[in-house]
Amino acid sequence: MNLILSFRSEILKTKRTSIWYMAIVTALIAPIYSFLNSSAPYRLAQIKNDPWNFHFMGFGGLLLNMMILPAFLILVCTLLSQLEYRNNTWKQIYISPQPLKNVFVSKYLIVQLLLLGVILLSCLLMFGSLYAVDSFKENLNLSRHHLNWEMFLIFWGRIYVTVLAISALQFWLGLRFKNFIVPIVIGICLWIAGAMMMEEHQWKHDDKYPYIYPMRNNFPKNPSERTTILWGSVIYTVIFLTAGYIDFNKRRSTS
Amino acid sequence: MSLYTSLRSELLKTKRTAPLYFTFAAAAFGPFMSMLDLVLDGVAEEHTKDIFNEMFTTKFMMPSIVVLPLFIILLCTLLPHMEYKNNTWKQVLISPQTKVNIFLAKYINIQLLIGVFLITDLLLTTISAVVLHITEPGLNVLNQPLDGYAIMMSRLSAYAALSGICAIQFWLGLVFRNFIIPIAIGIALWFIGSILVLELQSDFVAYFPYSFHAYGKLPKYDPLFNEAGLTSIVYAVIFLTAGFLGFRKRRLNP
């Protein structure tokens, strides 16, 4: 079987499961928060000057990047491999006529598909939430203002890249542990520890800790740090995926 | 079987399982981070006089806002899920014990684990105070006066404020076979509740049980913390009753 077939079989497995519903609900949070935030009286004064850019590159995106996506990835990476554990289908997969790397890559591609899906859906719904503010709260004269598309693509692209490392590590942890609570607890602890290290302790090595990247992306110490963390995230993704694949391969030979 | 016997059987089930180890790990998180902070960064000048009390009260804010709610959300999912995972719900339901006893024993078991969390947190904070006393002898940490009442009240307030969440999550954990649903609902509501207090400072938070834990963080809400604790307990009673009414029907279609 080639990779496309493996990927299709993974999509088939997740069809009508709670994963997709969870992705849709997750995508709703940032637009709803943006609507509440942008329609608050003290924000309306700020947003009126530049509604498109303020709304799309404001607190909704920040929240999505720093809190929603890491939490979503922790849960979805756990749930994805639990589908196999719960149905006792790992052996079935191992003996199926497909290379192990295809199984591994296709499962990770599902995580990426979900991640991109959440980001794109959030983005689309943000348009809706801005029109809702314009219709129900205050006339923002949206046609007179414009969205800076270059900044918009950079902002949302960075959101995706900064959570890549978390997705790779959580994916590995999800595959590694049979008990669902272990990857969830490890993920939440690393995430909270990251937030504390950055906020409370001003840790100087935070550019080496992947769970801080989404926060540092929005609150960098200096502009050049953004480039460092984007590269850091990509490098960590490659490292975690390689280590995860080696571990996954080893486990098959011992199971 | 009496409630005591049901409770003993629940305790037996959780013995040497993930929930117990998870409780110790979660309880250790706050004191460990606090100790790292104090040992690596040192104690700021303005905190040196009352650091012993602050370790038990001010430093407990982070566990009470972040760690304890998340711990409760995960624990309330993990315990009922043990029955789903082992396919033992039918076994539990046909055993010679009343539904009230099963329901209450499971809920009390969760409360006991929360108690273990709070006690472990206290013990480990004491150990971190000893470590600080040794590493920073100039502070004379262990000889500073300790306000036992304030320490007890910080724990009780946190427990009361979270009792509503605990009851709701317990109910969700019993209802859903899929573990991700109660966890996702819990984490999402916890996010929303925290943001409503810390960022939006909405008036709606007075009715939202997932917001009460964050009251202590802001001076605006701090005076309402005790009131929020009482509201949370009322929510707990309502949701436990609703949860039990749902659980009572379970025998027909487990």
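Using the Karplus relation 6.51 cos²θ - 1.76 cosθ + 1.60 with θ = phi - 60°, the per-residue 3J(HN,Hα) values for the stretch A:56-73 come to 7, 10, x, 5, x, x, 4, 4, 4, 5, 8, 10, 5, 5, x, 5, 4, 5 Hz, with x marking Gly and Pro.
Each label point was placed 7 Å from the Cα along the Cα-to-Cβ direction; for B:Ala150 and A:Phe219 their separation is 2.6 nm.
Listed by Cβ neighbour count within 10 Å, with the fewest neighbours leading, B:Lys106, A:Lys13 appear as A:Lys13, B:Lys106.
Ordered from longest to shortest, the equivalent ellipsoid semi-axes for the stretch A:18-103 are 42, 12, 9 Å, each the square root of 5 times a Cα gyration tensor eigenvalue. Length, then width, then depth: along the principal axes, the Cα atoms of the stretch A:65-198 run 60, 39, 27 Å.
Taking only the Cα atoms of the stretch B:1-123, the radius of gyration and Dmax are 18.5, 63 Å.
The relative contact order of the stretch B:1-82 comes to 44 percent, based on Cα pairs under 8 Å that sit 6 or more residues apart.
Pairs of Lys residues in chain A are counted when their Cα atoms are under 27 angstrom apart and they lie 8 or more places apart or on different chains; the count is 22. Along its first, second and third principal axes, ordered by size, the stretch A:116-169 spans 45, 21, 13 Å in Cα coordinates. Peptide A:184-191 is shielded by partner chain Cβ atoms: per residue, an average of 5 of them sit within 10 Å of its Cβ.
With only alpha-carbon pairs counted, each pair once and no self-pairs, how large is the Kirkwood hydrodynamic radius of the stretch A:121-218 in angstroms? Value: 16.4 Å, from the Cα pair sum. Each Cα pair under 8 Å and six or more residues apart adds its separation to the average, and for chain A the resulting relative contact order is 27 percent. Legend: mean number of C-beta atoms from other chains within 10 angstrom of residue C-beta atoms, peptide B:67-73, equals 2.
Ratio of Rg to Rh for the stretch A:1-49: 1.38 [Cα atoms; Kirkwood radius as inverse mean 1/r over pairs]. Along the stretch B:232-247 the Karplus relation, 6.51 cos²θ - 1.76 cosθ + 1.60 evaluated at θ = phi - 60°, assigns HN-Hα couplings of 4, 5, 4, 4, 4, 4, 4, 6, 5, 5, 4, x, 5, 4, x, 5 Hz to successive residues, with x for each Gly and Pro. Mean residue ellipticity, 222 nm, helices only, chain B: the sum of -39500 (n - 2.57) across DSSP H runs of n ≥ 4, divided by residue count and rounded to 500, is -23000 deg cm²/dmol. For A:Pro41, the shell of other residues with beta-carbons less than 12 Å away shows a net charge of +2, using +1 for Lys and Arg and -1 for Asp and Glu. Remark: A:His205, B:His47 ranked as A:His205, B:His47, counting other beta-carbon atoms within 10 Å and listing the fewest first. Rounded to the nearest 20 debye, the dipole magnitude of the stretch B:1-153 is 1280 debye, with +1 charges on Lys and Arg beta carbons, -1 on Asp and Glu beta carbons, and the Cα centre as origin. In this entry, the protein assembly as shown is assigned a mean projected area of 26.9 nm², taken as a quarter of its C-alpha convex hull surface. Over all pairs of different C-alpha atoms in the stretch A:162-215, the reciprocal of the mean inverse distance, the Kirkwood hydrodynamic radius, equals 11.6 Å. Entry note: chain B has Rg to Rh equal to 1.02, where both radii use alpha-carbon atoms and Rh is the Kirkwood radius. Dividing the convex hull volume of the alpha-carbon atoms in the stretch B:74-175 by its residue count gives 131 Å³ per residue. Here the residues B:Arg155, A:Arg16, ranked from fewest to most Cβ neighbours within 10 Å of their Cβ, fall in the order A:Arg16, B:Arg155. Rg/Rh for the stretch B:134-208 stands at 1.19; both radii use Cα atoms, and Rh follows the Kirkwood definition.
Considering all different alpha carbon pairs of the stretch B:166-254, the Kirkwood hydrodynamic radius works out to 14.1 Å. Site pair B:Leu123 and A:Ile239 shows an inter-label distance of 3.6 nm when each label is modelled 7 Å from Cα along Cα→Cβ.
Over the C-alpha trace of chain A, radius of gyration and Dmax come out as 19.9, 64 angstrom.
Summarising the label geometry, the points placed 7 Å from Cα in the beta-carbon direction at B:Tyr84 and A:Trp231 lie 4.5 nm from one another.
Packing here is the average count of other Cβ atoms within 10 Å per residue, and on that basis the peptides B:142-151, A:154-163, highest first, run A:154-163, B:142-151.
Every number here is computed from the coordinates shown, using simple stated rules; none is lab data. Just so it is clear, the structure is predicted and the values come from calculations on it, not from any experiment. Positions of Cβ are backbone-derived with ideal geometry, glycine not excepted, and every protein chain shown enters the neighbour counts.
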